[in-house]
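The values are calculated or read from the model by the stated rules, or taken from the named source; none is laboratory data. Bear in mind that the values here come from a model prediction, so they are computed numbers and not experimental data. Counting neighbours? That spans all protein chains shown, and the Cβs are built from the backbone with ideal geometry, glycine included. Just so you know, the surface numbers come from the protein's heavy atoms only, side chains and all, with ligands and any DNA or RNA stripped out. Shrake-Rupley method; radii C 1.70, N 1.55, O 1.52, S 1.80 Å.
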Amino acid sequence: MFKESRVLFLYAETPVHAGSGRAASGATDLPIQRERVTQYPLVQASGVKGALRADFRDRNGLKDDDKIVKTIFGEAGADGSSYAGAVSVGDARLLLLAVRALKGVFACTTSAHALALLRRTVELTGKPLDLPQLPALSDENTALVGPGSDLLLGDKVVLEDFSFNAQKSEAVKKIAEWLADNALPQGEAFKYWRETLPKRLCVLPENAFRDFCLYGTEVQTHVRIDPDKKTVANRMLWTAEYLPADSLLFAPLFFTDSRAQNNGKSVEQIIGDFKYLDGSHLQLGGDETTGQGWVAARIYGG
């Protein structure tokens, strides 16, 4: 039984590739992980936990088989020596997707469905999410923006090649302000993004948000050059899909007392071991050696 819970927000500072393997068909060779039903991008729980384990180990100069690492994250050993970790991690689900905009450079898009998932996850921490209710959209061609939005082009919002009628809502501004205060990284380096989020947040119809999640991601082309011929090596041209930079993910964290024998740690001590994570940076997903996967972490709750 878990005793404490938090919400981990992950702000993409670079494109993030949490791969789902090589595609048997489709335009992209290496697609990203997606929810089965909604097709929203996500990072599966095992990938998030693995990144947290590697980051904790490296920051503390530890090895993967050190006792403290196994105490916190668990051990899969021989019969009788396996035990679960003191921290459990959920899937990192998408809340904000950065989408190119004709006015305002880019929009931080979301949907009523994505915001409802956030509310449900935050309430797992035992702390209700005090966000205003969004007004109903007048039709499928309407998007909600805050007053004074930088995305407004007359009475329209143009994202990629699609135009939406703009419906102004004070609720959008208040949601953006909550996210800026509680989900985005703090500090001077992120001050610009916190201040501009209320002017960039755009709540899309759910079908439109799903379509941008499917077709508005970033695709990069990779090659390996033959060092002698100076041309692309045989079968070494491929494409990979990425979640765009400036997108925002969230995942639940659950904590309990350690389960390791002869190495008892209370849930308070386990949570204390993760205090460094709030405001830190870590790499998530693949392509680490090309500088991908950098995210800024923020912990909410408690």
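Convex hull volume per residue, computed on the Cα atoms of the stretch 160-302, equals 219 Å³.
If you take the beta carbon distance between V219 and T289 as r and set R0 to 22 Å, what does 1/(1 + (r/R0)^6) give as a FRET efficiency, to the nearest 0.05? Here the calculated transfer efficiency is 0.70. Take every pair of alpha-carbon atoms less than 8 Å apart whose residues are at least six positions apart; their mean separation over the length of the stretch 1-135 yields a relative contact order of 19 percent. Ligands, DNA and RNA left out, the 1.4 Å accessible surface of the stretch 1-125 is 50% carbon and sulfur atoms. For S111, the residues whose amide H sits under 5 Å from its own are L204, ignoring neighbours fewer than 5 places away on the same chain, with H placed 1.01 Å from N.
Heavy-atom surface analysis with a 1.4 Å probe gives the stretch 166-302 a carbon and sulfur content of 47 percent of its accessible area. Note on R22 and S266: the extension gain reaches 83.6 nm, defined as 0.36 nm multiplied by sequence separation minus the Cα-Cα distance. For the stretch 136-268, the relative contact order works out to 19 percent when only alpha carbon pairs closer than 8 Å and six or more residues apart are counted. For L282, the residues whose amide H sits under 5 Å from its own are V295, A297, ignoring neighbours fewer than 5 places away on the same chain, with H placed 1.01 Å from N. Legend: calculated FRET efficiency, L102 to K229, from the Cβ-Cβ distance at R0 = 35 Å, rounded to 0.05, equals 0.25. Peptides 124-133, 266-275 ranked from most to least packed by the mean count of surrounding Cβ atoms within 10 Å: 266-275, 124-133. With contributions of -39500 (n - 2.57) from each DSSP H run of at least four residues, the per-residue ellipticity at 222 nm computed over the chain stands at -7000 deg cm²/dmol.
In the full protein context, the stretch 1-66 carries 52 Å² of accessible surface per residue, based on a 1.4 Å probe and ignoring ligands, DNA and RNA. The residues of the stretch 98-174 have, on average, 51 Å² of accessible surface per residue, using a 1.4 Å probe with all protein chains present. Dipole of the chain computed with +1 at Lys/Arg Cβ and -1 at Asp/Glu Cβ about the Cα centre; of H113, A86, L144, farthest Cα towards the positive end is A86.
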